Amino acid sequence: MTAEQAPLGRVVRALADDPGIVGVLGRREAVVAVPEAARPLALATLAVESTRRPVVVAVPTPTEAERIRSDLALYLGDDAVALFPAWETLPFERISPNVETMGRRLEVLWRLRDPATSPQVVVASARALVQRLGPGASELEPIVVGVGDQIDIDEMARALVDAGYRREPQVEHRGNFAIRGSIVDVFPSTEDAPIRIDLWGDEVDRLTEFSVSDQRSTIARSEVAIHAAREVVASNEIAEHAAQLVATQPWGREQWERLSDGEFFDGMESWLPWLVETDDVLIDHLADDGLVVLVEPRRLRDRAGDIIAEEADLARTLARTWGAIGADDGDDDFPRLHLPFDRILTGTNAPVWTMTVAPEGPDVGVVAATGWESPLGDPPPLVNQLNRLIGDGYRIVVGADGSGTAPRLAVVLAEAGVHLPVVD
């Protein structure tokens with residue numbers, strides 16, 4: 001889906017000539033002030049009007065990242081906007097992150113490697129930006145299966161296990177796979193439904209989604225990309241590193257031995273800081289022809305600082321609990337999962353733009369916008385605002401959740417004196 005085909009794709013062009021937008025295009029460093037109400041539209045317009053791809057949008061919190069990603073998809077199309085999520089787990093917590101979270105992160109890194117598959121926009125929170133990546137995470141390839149492909153079912157099973165998938169009698173959750181005769185069922189980490197691979201001999205005869213509840217096939221597929229279900233996957237590099245840790249960090253012998261044996265276990269990702277020697281983060285994989293937009297940079301920096309401080313407090317406590325006492329603070333031997341905010345921009349030569357809520361100087365470009373009044377009251381202030389804007393010559397676009405909601409919304413507005421046509 002292109003921006004023009006997106007639900008609100010045509011609205012993007014309406015802001016293209018705004019002085020605040022035009023003033024930052026083509027610059028390596030720029031600041032633009034955009035009220036929060038207009039932030040998604042302004043970001044979508046910058047992504048369309050800029051010649052740079054992809055655009056990494058950095059926001060302070062995971063909730064804001066999810067909301068911005070959802071809003072941008074309405075302007076640019078769902079496939080054009082990717083969320084790079086942060087782990088939901090705390091540093092050193094012996095619980096694995098959600099399988100979908102890890103899969104989405106690996107999918108974004110994989111897409112960034114090729115301009116043909118790269119999303120137009122990647123949205124990430126401060127936590128996602130400052131988190132170190134797993135060893136070799138940016139190099140992991142998905143298992144791609146298409147109708148007509150020749151595959152060996154035993155090799156397929158080994159590849160799925162190596163990618164962190166768990167073999168079960170029946171597939172019920174992401175990260176599961178099952179084999180029944182010539183049928184391979186797998187629930188990819190990034191898919192909304194599990195996939196059934198029907199083989200005729202060694203050839204893929206049919207690919208379908210199927211229902212978890214009744215296991216019946218539903219929607220036919222021509223191809224599926226199965227991304228890894230874990231960010232820390234079995235490799236010689238990890239096994240060798242873990243084996244060395246048995247001698248140098250004996251307090252963690254149980255975990256190091258399990259990792260060196262290539263074992264998958266819940267919470268293994270919490271040991272990632274000990275298994276990587278590089279400070280690899282998302283923006284390191286942004287090409288020079290990309291673009292970074294820092295939304296509310298002061299809040300971004302403050303949030304990143306809070307994350308670093310939280311991890312340091314946990315390290316001090318756990319170093320004593322686990323018997324891994326280093327120097328006076330007791331945490332010097334603990335490598336960190338998160339890096340300082342100043343580090344995240346050092347690995348790319350892409351331009352960096354800043355988006356603030358209000359102008360912080362006379363030379364800062366501004367996208368003028370106001371929020372909406374309350375829909376409550378008799379008459380609702382929102383209705384008065386709509387009538388006033390229509391009277392002033394503004395074009396009004398009211399979005400609805402679905403095609404069934406739009407006609408009802410038009411009727412309600414008409415009863416309040418606001419007459420708007422319904423557009424498919």
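If P142 meets every condition in (1) out of contact with any helix residue (DSSP H, G or I) (no Cβ under 8 Å at 6 or more places or on another chain); (2) surrounded by fewer than 20 Cβ atoms within 10 Å (Cβ to Cβ) apart from one, which number is that one? If we test P142 against (1) out of contact with any helix residue (DSSP H, G or I) (no Cβ under 8 Å at 6 or more places or on another chain); (2) surrounded by fewer than 20 Cβ atoms within 10 Å (Cβ to Cβ), just (1) comes out false.
All told, S270 meets the bar of being of a type in the set (S, T, N, Q), under 16 Å from I238 (Cβ atoms) and surrounded by 18 or more Cβ atoms within 10 Å (Cβ to Cβ).
Taken as a whole, the structure places V224 among residues that are modelled with pLDDT of 95 or more and touching a Leu at 6+ places or on another chain (Cβ under 7 Å). Of the helices (runs of 4 or more DSSP H) entirely within the range 226-308, those holding at least 1 residues that are of a type in the set (G, A, S) and in contact with a helix residue (DSSP H, G or I) (Cβ under 9 Å, 6 or more places away or on another chain) occupy 236-248, 253-260. Taking every residue in the range 170-199 that is touching a residue at least 12 places away in the same chain (Cβ under 8 Å) and at positive phi and pairing it with any residue that is hydroxyl-bearing (S, T, Y) and part of a loop (DSSP other than H, G, I, E, B), at least 6 positions away or on another chain, the pairs with Cβ-Cβ distances below 8 Å are G175/Y165; G175/S189.
Taking each residue of the range 13-30 that is farther than 12 Å from A42 by Cα and looking for partners that are at pLDDT 90 or above and of a type in the set (A, V, I, L, M) with beta-carbon atoms closer than 6 Å, six or more apart or interchain, yields A30/V24. Taken over the range 58-97, residues that are closer than 29 Å to D313 by Cα and either within 13 Å of the chain's Cα centre (by Cα) or buried (at least 17 other Cβ atoms within 10 Å of the Cβ) (or both) amount to 20. Put simply, of V108, V144, V99 the only residue that is touching a Gly at 6+ places or on another chain (Cβ under 7 Å) and hydrophobic (A, V, I, L, M, F, W, C) is V99. Just so you know, in the range 225-277 the residues that are of a type in the set (F, W, Y) and in contact (Cβ under 8 Å) with a residue 12 or more places away in the chain include one that is nearest to N176 (Cα to Cα), and it is F264.
The values are calculated or read from the model by the stated rules, or taken from the named source; none is laboratory data. Small disclaimer: the values here were computed from a predicted structure and weren't measured. Reconstructed Cβ throughout: ideal geometry from the backbone, glycine too, with neighbour counts over all protein chains shown.
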